[in-house]
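One structure below.
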């Protein structure tokens, strides 16, 4: 993906130089609990500790940013700027609505959010409590080295997927889904979560199509990188990699095939109407 030298977003809140921020994020509950549990399963980490009241975050003092840190921040800023322009256009043209961009928080180690502390255990996530995406760019290394999703477009897909949750929030979809999940069984809650996540993958596909059509910055192999990333973070693939039994009723994000299929659906169509996973008989 050709991203260097392009316009970046102003909606970046960079907390990286502060390291771990002093504060108390509080226990994770309600919407925050749903967000963190979903993200934790995405990464295959044990989040038991996050479900208890969280103590103060230890300060780490000033942190010097490496050359790689600076480049990663610039990369994320460009991707975020692309999502802002694309979703403003899609909302206007397809929905006759105005899109309000999200803020993306860059941090190192740990930082508080209304959805609980953001850290390596949570990975990147969208918090509807403050309409912000939280991202430690070290996750890109995890994505490549641990999850087998290489390439800058795989990393861009991660950003686009989290921004897609903000799109869902803007449309009221995320709030409705989380309200439903609070009143049903665990298995039914997981099924709703899968539909939320697959819709976000489809919306990320729309973003990818628009990147090509609007900016012409797609390079050979980029779409394949995103599809591979979607495949590598499917619930069934993550379970096998972790040595766990594959149990579909516990899935929260969808299988590898489903995630790739819905990303591809958005990529081919470019229409939000074709991303209605809640009405789909077959995921």
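Taken together, the values in this text are just the output of simple stated rules run on the coordinates, not laboratory data. Everything numeric here is computed off the predicted structure, so don't read it as measured data. Cβ atoms come from the backbone with ideal geometry, glycine included; neighbour counts cover every protein chain shown.
Odds and ends about this structure:
- Taken as a whole, the condition of being touching a residue at least 60 places away in the same chain (Cβ under 8 Å) and either under 15 Å from the mean Cα position of the chain (by Cα) or not in a loop (DSSP other than H, G, I, E, B) (or both) does not apply to residue 133.
- Residue list for region 121-147, restricted to those being over 21 Å from residue 200 (Cα atoms) and in contact with a strand residue (DSSP E or B) (Cβ under 8 Å, 6 or more places away or on another chain): none
- Identity of the residue in region 111-130, in a strand (DSSP E or B) and under 15 Å from the mean Cα position of the chain (by Cα), that ends up surrounded by the fewest Cβ atoms within 10 Å (Cβ to Cβ): 119
- The condition of being under 17 Å from the mean Cα position of the chain (by Cα), in a helix (DSSP H, G or I) and free of Cβ contacts under 8 Å to residues at least 40 places away in the same chain holds for only one of 226, 200, that being 200.
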